[in-house]
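**Q** Have a look at this one before I ask anything.
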Amino acid sequence: MKGLRIIPEETAVNFIGMRYVAYVISAVLILGSIFMISTKGLNFGIDFTGGTVIEIKTPVEPDLAEMRTLLNGLALGAISIQEFGAKDDLLIRLPQQVEDPIVVKEREECRAESKEWDECPPMAQELAIEDVRQAINDTFAEDGEVDYRRVEYVGPQVGEELKQQGMIAVFLSMIGILAYVWFRFEWQFGVAAIIALLHDTVAIMGLFAFAQMDFDLSTVAAILMIAGYSINDTVVVFDRIRENLRKYKKMPLTELFNMSINQMLSRTLMTSFTTLLALIALYVLGGEVIRGFVDALIIGIVVGTYSSVFVAAPVLLLTNIKRSEVQTGEAQEA
Amino acid sequence: MVNIAPWKAVLTILVCVLGFAYALPNVMPLETRMWMQENLPSWAPNKTVNLGLDLRGGAHLLYEVDVDVVVRERADNMLQDMRKSLREDRIGYSRIGVIPQGVRITLRNSSDGEDARRILRRSNANLDIDTSSDGLTIEAVMNDQGLREVYDNTISQSIEIVRRRIDELGTTEPIIQRQGEDRILIQAPGADSESLKNIIGTTAKLTFHLLKDPGAPGLSKTFTMAEDPTRTMEVEPRALITGEMLENAAPAFQDGQPVISFRLNNIGGRRFADVTRKNVGKPFAIVLDGQVLSAPVIREPILGGQGQISGGFTVQEASDLALLLRAGALPAPMHVVEERTVGPSLGADSVESGRQASIYGLILVLCFMGVLYGLFGLMANVALAVNVALIFAILSGLQATLTLPGIAGIVLTIGMAVDANVLIFERIREELSAGRTPISAIDAGYSRAMSTIIDSNLTTLIAAFILFAFGTGPIKGFAVTLGIGIVTSFFTAIMVTRLLVITWLRKKRPDTLPV
């Protein structure tokens, strides 16, 4: 039983020759992303902005326009309603409610007197959720019961903290990965790897800004995951470049880089492909809740694969790496 | 390399068998698992994966505790104590008042400064005491250690009370823990946040107050009477006894009437003895949740720290109240800063879609590997199956929480786990076309791909580790499965496929490789 060769045994694609095209593509991608992030901005989810999300399943197909008018008539700020995977599955977003300081004081005093909390003035957010529930229940009163599948509330301070934590996490993993590559390879590899990494991260964020997809905690997780994956791809190519640098002492660098990329091409594509296969299963069957997360991963795998071939290697070439700088101590035959 | 040490082979097989054994309970019907739990030793596989709130439904509440209130209370108590001590020691002061986190005293004579400072230090060891240049004004504020103690005590006390109240709700395995400086995280599977918030907000605050003498100067506090809300009673603002001094409370009977008998702790008992001795013949008010239950007259000093509260309760009321009194009052106000509730229907849907995505993802990858690498692909597939079993075995064994992003992590691992094998197989192909014999190609394939595999796994592991450290809730679940997946896939790709390949090589002694 012999395996099928999808990628021919000997490929000789002139990847390095295409690098100027790749530079243009990447430049457009990065500048476009930065432009999108700075103009349209990221569509932060409630994890970061604070606010409330309610997911409901309605007993009959709802009239979205009517519901929008109804809920926005409650004077709770701009409430958005969108379908969530199915016609009868709705995602309702309430903005952060502003607390009246007088009510806050009353509540604190009331609670301090140790009355039952439901006898005390409730938080503005709780009140808003209650109002929305009431309005929804009234709308569908004749059709049956509304299933409240999920209610999430994030306070403004917590949102701010989660945002900070997310940024620290991304920053630290970049540092961690950079440190590792630095430790394992020469500095030129580290620089090239981190540029490829930044390229991917900015591109994902740009695409999220462009499509105005929800940018929340799981997106940050996806970005970190992609950072790991992209570096993984890059490292595999770098490993081969380094090996060939030691093996072929006379070969011109561009030729050597091309050969290395071509040698790893089959692996790079196969692994990306199996990963994408698994992700497609998640995309199709995983449900709405993790859709954004899977979106980010799929985009990331594609961009990451592209960058390890078209960004990392050409940038490494730009750093003017010399053979003499590559440690020769390591034995070739393990 | 083409040889594998017998002990390694045995170990590999053992790990695989154990992996399947410990993953097995996850697919067994509940009755079988119950039977196993009862009839097999405790180390036998009987644990299943712990589902997170997003999969089983439940409530996640993050409360912020307003510890400043307690700090102010402490400062207030300090003020009362100081006033009393200064008077007792006949130290003259022109002014005394509360400042943030402490008190300020303005003395009449700077010569009393040393005495005043001594009294302050005696009352509380964790004070920063500042004296003005003229020696008249002394400011005493709690230092960092003092504040930390207040924070720690308040939070742990709040947690204890919340825990007791939630236990009353009867939810299974609630998680109640401190988060950061002043927050409490509550996760209760199967609960909805409304009833959870209500039970947490149900306080029973008990205080004893002496009644205010009519016409006497000073402040007073007014409470309504429990039996008749239209009547009120004026009492001394400072409570003699508070709920925290209560050691135990239980329903009891007195003259055939349901009452609540209570026992005070040492401090409370002493204070109660002191007050009752000085105030024989006077009434005192028993105030529960802002209402006066009764105002019995002190007939004789109560020295043992034990007493009874009567208030026309029914038997049920008496036992409910006793329970609430035992649970005590929250020491400080708390408010919700984050709340996430997942209904049971969404949880069940997520489990189902997660299961389907994993199964189909796995099938797709298995087919692809089989087509691409033939026999070797099938061997990699065996390794992949072992890998999935191992992930579930470790998740069950560690009782780590599986969340929806966690399932995504498993699916992603399935896709990425074959990477190591792809690296090895591609290398073998290369070595073969470079003219090596099958055995030496396999040998070179494994040994040369190794450093690449380690590098690529470690970088992903770094990302997983940082996600675990910084992530919350579901994201942490993703980091856990991803991390476990990387480790297990490393093992299966290296050890399991190698064992299979070598066994096959020995049996067939092939001239060409079906890679």
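Rule-based calculations on the coordinates, nothing more; no lab input. The structure displayed is predicted, hence computed values, not measured ones. As a convention, Cβ positions derive from the backbone with ideal geometry for all residues, glycine included, and neighbour counts pool all protein chains shown.
**Q** I'd like the FRET efficiency for B:S123 and A:E119, computed as 1/(1 + (r/R0)^6) with the beta carbon distance as r and R0 of 35 Å, rounded to 0.05.
**A** Numbers: r = 37 Å, r/R0 = 1.06.
The calculated FRET efficiency here is 0.40.
**Q** Between region B:327-397 and region A:270-320, how far is it from one alpha carbon centroid to the other, in angstrom?
**A** 20 Å
**Q** Would you mind calculating the relative contact order of region A:1-115 from Cα pairs under 8 angstrom and at least 6 residues apart, reporting the percent as a whole number? Mind dumping the intermediate values first?
**A** Numbers: 76 pairs, mean separation 24.8, N = 115.
So the answer I get is 22 percent.
**Q** Can you list the lysines whose alpha carbon is less than 28 Å from that of A:K163, not counting same-chain residues fewer than 8 positions off?
**A** Output for A:K163: A:K40, B:K197, B:K476.
**Q** Along the charge dipole of region A:51-154, pointing to its positive end and built from +1/-1 on Cβ of Lys, Arg, Asp and Glu, which listed residue (A:C120, A:V154, A:A135) has its Cα farthest out?
**A** In region A:51-154, that residue is A:V154.
**Q** Right, something else. Size of the dipole of chain B about the Cα centre, Lys and Arg at +1 and Asp and Glu at -1 on the beta carbon, nothing else charged, in debye to 20?
**A** 1180 debye
**Q** Could you tell me the center-to-center distance, by alpha carbons, between region B:201-248 and region B:1-78 in angstrom?
**A** 48 Å
**Q** Say each of A:D63 and A:D138 gets a label point 7 Å from the Cα, pointing the same way as Cα to Cβ; how far apart are those two points in nm?
**A** Rounded to a tenth, the inter-label distance reads 1.6 nm.
**Q** Can you compute the modelled spin-label distance between B:T230 and B:L18, with each label point 7 Å from Cα toward Cβ, in nm?
**A** Modelled inter-label distance: 7.7 nm.
**Q** For each of B:D134, B:D112, B:D255, count neighbouring Cβ atoms within 10 Å of the residue's Cβ, then give the residues from fewest to most.
**A** Listed from fewest to most nearby Cβ atoms, that is B:D255, B:D134, B:D112.
**Q** How much FRET efficiency would the formula 1/(1 + (r/R0)^6) give for B:L505 and B:D144, where r is the Cβ-Cβ distance and R0 is 60 Å, rounded to 0.05? Each step should come with its number before you reach the end.
**A** Working: r = 68 Å, r/R0 = 1.13.
Here the calculated transfer efficiency is 0.35.
**Q** Would you work out which of B:V342, B:L120, B:N26 lies farthest towards the positive end of the dipole of chain B, given +1 charges on the beta-carbon of Lys and Arg and -1 on that of Asp and Glu, about the Cα centre?
**A** B:N26
**Q** Sticking with this one: How much of the DSSP beta bridge set in chain B is antiparallel, as a percent to the nearest 5?
**A** Details: 64 of 68 bridges.
Of all bridge pairs located within chain B, approximately 95 percent are antiparallel.
**Q** Per residue of the protein assembly as shown, what 222 nm ellipticity follows from adding -39500 (n - 2.57) for every DSSP H run with n ≥ 4, rounded to the nearest 500?
**A** Numbers: 25 runs with 478 residues, N = 849.
When only DSSP H runs of four or more count, the value is -19000 deg cm²/dmol.
**Q** Which of the trypsin sites (Lys or Arg not before Pro) across region B:263-305 are loop residues per DSSP, with 13 or fewer other Cβ within 10 Å? Intermediate values should be presented prior to the final figure.
**A** Working: sites: B:R263, B:R270, B:R271, B:R277, B:K278, B:R299; in loops: B:R299.
Answer in residue order: B:R299.
**Q** Run down the lysines and flag those whose C-alpha is under 16 Å from the C-alpha of A:K105, throwing out any fewer than 8 positions away in its chain.
**A** Excluding near neighbours in sequence, the set is A:K115.
**Q** Filter the GluC sites (Glu not before Pro) in region A:1-68 down to the DSSP loop ones having no more than 16 other Cβ atoms within 10 Å, then list what survives. Don't jump to the answer; show the numbers that get you there.
**A** On the way: sites: A:E9, A:E10, A:E55, A:E66; in loops: A:E9, A:E10.
For GluC sites (Glu not before Pro) across region A:1-68 that sit outside H, G, I, E and B with at most 16 neighbouring Cβ atoms in 10 Å, the list reads A:E9, A:E10.
**Q** Using the charge dipole of region B:206-329 (Lys, Arg: +1 at Cβ; Asp, Glu: -1 at Cβ; taken about the Cα centre), state which of B:F313, B:N265, B:M225 has its Cα farthest towards the positive end.
**A** Going by the charge dipole, the pick is B:N265.
**Q** Which of B:C367, A:C120, B:C16 has the fewest other C-beta atoms within 10 Å, and how do the rest follow up to the most? Mind showing how you got there, number by number?
**A** Values: B:C367 13, A:C120 19, B:C16 22.
Fewest-to-most Cβ neighbours within 10 Å comes out as B:C367, A:C120, B:C16.
**Q** If a paramagnetic tag sat 7 Å from the Cα of B:I4 along the Cα-Cβ line, which residues of region B:429-448 would have the backbone N under 19 Å from that point?
**A** Inside the label zone: B:429, B:438-448.
**Q** Sticking with this structure for a sec: Using 0.36 nm per residue, how much length does the chain from B:I175 to B:M36 gain when fully extended, once their Cα-Cα distance is taken away? Please report the intermediate quantities before stating the final value.
**A** On the way: separation 139, 0.36 × 139 = 50.04 nm, distance 2.69 nm.
My answer for the length gained is 47.4 nm.
**Q** Related question: To test your reading of the geometry: what angle, between 0 and 90 degrees and rounded to tens, separates the Cα axis of helix B:6-23 from the longest principal axis of chain B?
**A** 50 degrees
**Q** While we're here: Under 20 Å Cα to Cα from B:K212, which lysines show up? Leave out anything in the same chain fewer than 8 places away.
**A** B:K84, B:K221, B:K278, B:K282
**Q** Which residues in region B:67-88 place their backbone N less than 16 Å from a point set 7 Å from the Cα of B:T106 along the Cα-to-Cβ direction?
**A** none
**Q** Determine the relative contact order of chain B: mean sequence separation of Cα pairs under 8 Å and six or more apart, normalised by residue count, in whole percent. Spell out each step's value before the answer.
**A** Details: 856 pairs, mean separation 95.8, N = 515.
That works out to 19 percent.
**Q** With charges only on Cβ, +1 for K and R and -1 for D and E, what is the dipole size of the protein assembly as shown about its Cα centre, in debye, rounded to 20?
**A** Numbers: 76 positive and 96 negative charges, 742 e Å.
In debye, rounded to 20, the protein assembly as shown gives about 3560.
**Q** Sticking with this one: Counting other Cβ atoms within 10 Å, which GluC sites (Glu not before Pro) in region B:221-285 have at most 13 and lie in a DSSP loop? Could the numbers behind the result be given before it?
**A** On the way: sites: B:E227, B:E234, B:E244, B:E247; in loops: B:E227.
Answer by residue number: B:E227.
**Q** Quick one: check the C-alpha center-to-center distance for region B:139-154 versus region A:139-198, whole angstrom.
**A** Between the Cα centres of region B:139-154 and region A:139-198 lies a distance of 35 Å.
**Q** Please rank B:S85, B:S451, fewest neighbouring Cβ atoms within 10 Å first, as an exposure proxy.
**A** Exposure proxy ranking, most exposed first: B:S451, B:S85.
**Q** Which Cys residues of the protein assembly as shown have no other Cys beta carbon under 4.7 Å away?
**A** B:C16, B:C367
**Q** Treating the angle as unsigned and between 0 and 90°, give the value, to the nearest 10°, between the Cα long axis of helix A:187-211 and the longest Cα principal axis of chain A.
**A** Taking the Cα atoms of chain A, the angle to A:187-211 is about 40 degrees.
**Q** Assign unit charges at the C-beta atoms only (+1 for Lys and Arg, -1 for Asp and Glu), then state the dipole size of region B:350-488 relative to its Cα centre in Debye, rounded to the nearest 20.
**A** Values: 6 positive and 7 negative charges, 26 e Å.
Charge dipole of region B:350-488: 120 debye, to the nearest 20.
**Q** Measure nothing fancy, just the Cα-based angle from helix B:438-470's long axis to the longest principal axis of chain B, in degrees from 0 to 90, nearest 10.
**A** Approximately 20 degrees, to the nearest 10.
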